[in-house]
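Input: a single structure, listed below in structure tokens.
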Amino acid sequence: MSLDDLYNNIAGNLNLLDTLEGVIRGLFYGDMGYRFVIRRRTKDGAHSLEDCRAMLKERGVDTFWFGFDSQNMYFRVKNRQAKWAEYILLRAGVELLNPVFDNRNVVWASQPKHNDRPVPSWTQQAKKREEQRSQRRASSWLDKLLG
């Protein structure tokens, strides 16, 4: 084990600010989250922690409670978003070292790509609801004006 590896193992365990922030956010969410593990880029990992965070944030998944050791990087997502997050990461070719959250994601992510940028269903539903509300507001305003 190199001196750098030893330092990262010690520093990762003393990473109290990220741990504290993760616990606070977990309590705020009412959900301590599901932990994802990826290999460090310096240890032959293909994706960095920032790559994964950006991919997930772009698709509406919040990440928190970050950590590291000499070999791996760790982060959490809300349990209710873990299935979606796992699918996004597997689809992007991220090597996940944590236990599989949903076995179907492995199959789905390996299928031919129809759309490189999947959109979460809750976002589509939210857009439809907002459009319906806007239409109702516009029609009620028009009814009042003409009525």
Query - Tabulated pairs, the range 50-64, first over 13 Å from Trp84 (Cβ atoms), second in a helix (DSSP H, G or I) and among the basic types (Lys, Arg), C-beta under 8 angstrom, 6+ apart or interchain - result: Phe64/Arg25
Query raised in the report: Within the set of pairs 6 or more residues apart or between chains, which connect a residue that is assigned by TED's automatic domain parsing to the domain that holds Asp44 and closer than 15 Å to Ala82 by Cα inside the range 93-114 to a residue that is of a type in the set (A, V, I, L, M) and not in a helix (DSSP H, G or I) with Cβ atoms less than 8 Å apart?
Result: Val94/Ile38; Val94/Ala46; Leu96/Val37; Leu96/Ile38; Leu97/Val37; Leu97/Ile38; Asn98/Val37; Val106/Val100
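Out of all the residues in the range 63-70, is one or more small (Gly, Ala, Ser), assigned by TED's automatic domain parsing to the domain that holds Leu27 and in contact with a strand residue (DSSP E or B) (Cβ under 7 Å, 6 or more places away or on another chain)? Spell out the reasoning first.
Filtering the range 63-70 down to residues small (Gly, Ala, Ser) leaves 67, 70.
Next, from what is left, pick out any that are assigned by TED's automatic domain parsing to the domain that holds Leu27: 67, 70.
Restricting the remaining residues to those that are in contact with a strand residue (DSSP E or B) (Cβ under 7 Å, 6 or more places away or on another chain) gives 67.
Yes, the range 63-70 has at least one match.
The values are calculated or read from the model by the stated rules, or taken from the named source; none is laboratory data. Everything quoted here is computed from the prediction, not taken from an experiment. Backbone-built Cβ (ideal geometry, glycine too); neighbour counts: all protein chains shown.
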